[in-house]
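Colleague: Could you have a look at this structure, given as structure tokens, before my questions?
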Amino acid sequence: MSRDLKTSIKELEVTPENYLHVVVVGASQRWDLTIECLSASLTRLPHVRLKPPGRLLPHVSYYGAVCVSDNQGLSLDPDRKADVVAYTFLAAFDLLEKWGSDNVGSAAEFFNEIEAYWGCLPGSISASGAFDVDAKDRLVTSYLKLKEKRPQWFFTERDVPLPKDFDVKGAAAQSALYVHLDELVAPPAHPEVLSAAFVAAIRDSMSASQLALWSRLVRPSSNKNHPKRAVLLVSAPRAAGGVSVVGVEFGTRNGDVDLNAPVTAITMRRHTVSYMRERGGASVAMLSKHAVIIGCGAIGAVIADALAATGVGRLTLVDYDYYSEDNVFRHILDPTWIGLPKVIGLQYQLERHYPGLKVTPRTTNGQDWLRSSDLSDVDAVICALGLPTLEQSFARALRKKDKLLPLLFTWLEPLDLGGHSILTWTQGEGCLDCLYRDDEGVRSLQSRIAFLAPDQRVSKTITGCGSVFVPYGALQSRRTALMASEHILSALSGEAGPSYRYWAGDGTAAAVQNLRTTPWWDEARTTMPGAQQSKRAFGRPCKTCRVIK
Ligand SMILES: [Zn+2]
């Protein structure tokens, strides 16, 4: 701590509650700060509270909490608690000194953070807004509902279906007004509270067209005795980019704001497709992409989920299989879907989870889907059947369609041997048939990249022929699915040409079962996928995809 700062500290005491109380004189004013002294654990910076200064300050909440750090990526030495407290104090002091002077930048910085300040106003109620905060003035629809015993507001566009996840059953719909202003009216500073004067100030800064909407919001109700409440949502540009939005619920009287009625702050979370996608890191470029997944078992369903999470906007899921007890521990669907088509369950589950996603379920097989599709709006096809003969036939049929598309095949080896992902294109060299060639290019039943040596039985039955299954692990199928998802996304993002990716497990479970493996599996365990390995898959003479000289 510098000598200057030492002489600036006017008071320094530890309170009975184990807080450090410091009064320090800055360049233009005194700061009265209380710093939490650390308890046994040291997992974040101590809280700093400023004695509420009675005016608005950037990064200082209504009650005086100073936002020193968001604690992201913070690394603290647990043996240096005193240093951590000193560091936090200095950081708070610097921040207050920087923004505490009454300059224009300070006001802009305060309004950059207005939504956080609004959320800390006394009695502020949270809200979910499923309409775009797009600066277009309009009436929207509001619902007030108790959620876990706490009131919560919901806002939607008028006359559009409610978002699937808005549970507003039993709540009466009412109009609310959304307006956009060039700048927001300043909120109250402690100890003042939000009042109807704030609403009146907003009204006074409205344009003529905004006032026309306003009068529709506050017009007298037919029931004169019934006190009417209304909601106003206001947005304004942020100096740092984007827009801020705050809300207020107030009383109306005689076609105007009731200056004597109480007012409640509403803090709105954006519940729109564009906001959730952007905030969640979903790719905007992928929203227009349409991927078709043939086979929605343990691997295909995880690919569907992964592509949706990445931002792919349209999925067609093709599988005639019904969900059963056999699937539960390897599949992402829950047991309530047992007895129903997997693709129907996935449509419901994925569309609910990923706003803006459109899923088309097809309870048929890949060949039938191909016959009925002209592929004009398809960007990628993924095959996750694990049935080589069927997949080769499907791939040959797709090649005849005369449309250039990435076509990916993925499958698992038994137990913990590993998984494969083969990216081909529907035109040009490199196809699934390439894998089923010997070194001279003669057709072979064994794939060139198999990890399991041929002629071994790995199927198990628990209750007889009706329940034959190949033992795969849930983690192995997920790992393979994620690898395949990255692989197809690389093609959707512009990577050209055929390629082969794989992972090879440690094979412990396979060894216990005395399963024999191929020399390629030994090699795969110690090499990373690359051009050399892709050559192994596609580098042989192949009548399907090449003109053999
Ligand atoms: Zn080929």
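The values are calculated or read from the model by the stated rules, or taken from the named source; none is laboratory data. Quick caveat, the model's predicted, so the values are computed rather than measured. Here the Cβ positions follow ideal geometry from the backbone for every residue, glycine too, while neighbour counts run over all protein chains shown.
Colleague: It is to be established whether one or more residues within the range 380-395 are within 16 Å of the ligand (Cβ to nearest atom) and in a strand (DSSP E or B). Outline the logic, then answer.
Modeller: Applying the first criterion (within 16 Å of the ligand (Cβ to nearest atom)) to the range 380-395 yields 383, 388-389, 391-395.
Next cut, in a strand (DSSP E or B) only: 383.
Checking the range 380-395: at least one residue is within 16 Å of the ligand (Cβ to nearest atom) and in a strand (DSSP E or B).
Colleague: Can I ask one more? I want to confirm something. Restricting to the range 57-76 and keeping residues that are modelled with pLDDT of 85 or more and either of a type in the set (Asp, Glu) or crowded, with 19+ Cβ neighbours inside 10 Å (or both), which single residue is nearest to Gly123 (Cα to Cα)?
Modeller: In this case the residue turns out to be Tyr62.
Colleague: Looking at (1) within 28 Å of Arg371 (Cα to Cα); (2) part of a strand (DSSP E or B); (3) away from the ligand (no atom under 16 Å from the Cβ); (4) of a type outside the set (D, E, K, R), can you tell me which one Leu407 breaks?
Modeller: (3)
Colleague: Are there any pairs with C-beta distances below 7 angstrom linking a residue in the range 44-56 that is of a type in the set (D, E, K, R) to a residue that is modelled with pLDDT of 90 or more and in a loop (DSSP other than H, G, I, E, B), with the two at least 6 apart or on different chains, and if so which?
Modeller: Listed pairs, sorted by first residue: Arg49/Gly64; Lys51/Gly64; Arg55/Ala189.
Colleague: Which pairs turn up if I take residues in the range 484-510 that are closer than 29 Å to Val284 by Cα and look for partners that are aromatic (Phe, Trp, Tyr) and crowded, with 22+ Cβ neighbours inside 10 Å with beta carbon separation below 6 Å, at least 6 apart in sequence or on another chain?
Modeller: Pro498/Phe538
Colleague: Right, next: Please determine, by comparing only the residues of the range 258-316 that are of a type in the set (D, E, K, R) and touching a residue at least 40 places away in the same chain (Cβ under 8 Å), which one is farthest from Ala380 (Cα to Cα). Lay out the reasoning, then the answer.
Modeller: Residues of the range 258-316 that are of a type in the set (D, E, K, R), as a first pass: 258, 269-270, 277-279, 289, 305, 314.
Checking the rest, the ones that are also touching a residue at least 40 places away in the same chain (Cβ under 8 Å) come to 258, 269-270, 277, 289, 305, 314.
Values: Asp258: 59, Arg269: 35, Arg270: 32, Arg277: 21, Lys289: 8, Asp305: 15, Arg314: 11 Å.
Result: Asp258.
Colleague: Is at least one residue of the range 100-107 touching a residue at least 40 places away in the same chain (Cβ under 8 Å), over 29 Å from the mean Cα position of the chain (by Cα) and buried (at least 18 other Cβ atoms within 10 Å of the Cβ)?
Modeller: yes
Colleague: Mind telling me which of the residues Gly247, Gly251, Gly295 ends up being crowded, with 16+ Cβ neighbours inside 10 Å and more than 30 Å from Arg150 (Cα to Cα)?
Modeller: Working: Gly247 fails: more than 30 Å from Arg150 (Cα to Cα); Gly251 fails: more than 30 Å from Arg150 (Cα to Cα).
Answer to the selection: Gly295.
Colleague: Scan the range 38-54 and tell me whether some residue there is surrounded by 15 or more Cβ atoms within 10 Å (Cβ to Cβ) and in contact with a His (Cβ under 9 Å, 6 or more places away or on another chain).
Modeller: So far as the range 38-54 goes, yes, one or more of its residues are surrounded by 15 or more Cβ atoms within 10 Å (Cβ to Cβ) and in contact with a His (Cβ under 9 Å, 6 or more places away or on another chain).
Colleague: Test each condition in (1) within 25 Å of Thr424 (Cα to Cα); (2) away from the ligand (no atom under 16 Å from the Cβ); (3) out of contact with any helix residue (DSSP H, G or I) (no Cβ under 7 Å at 6 or more places or on another chain); (4) part of a loop (DSSP other than H, G, I, E, B) for Leu515 and report the one that comes out false.
Modeller: That leaves (1) as the condition not met.
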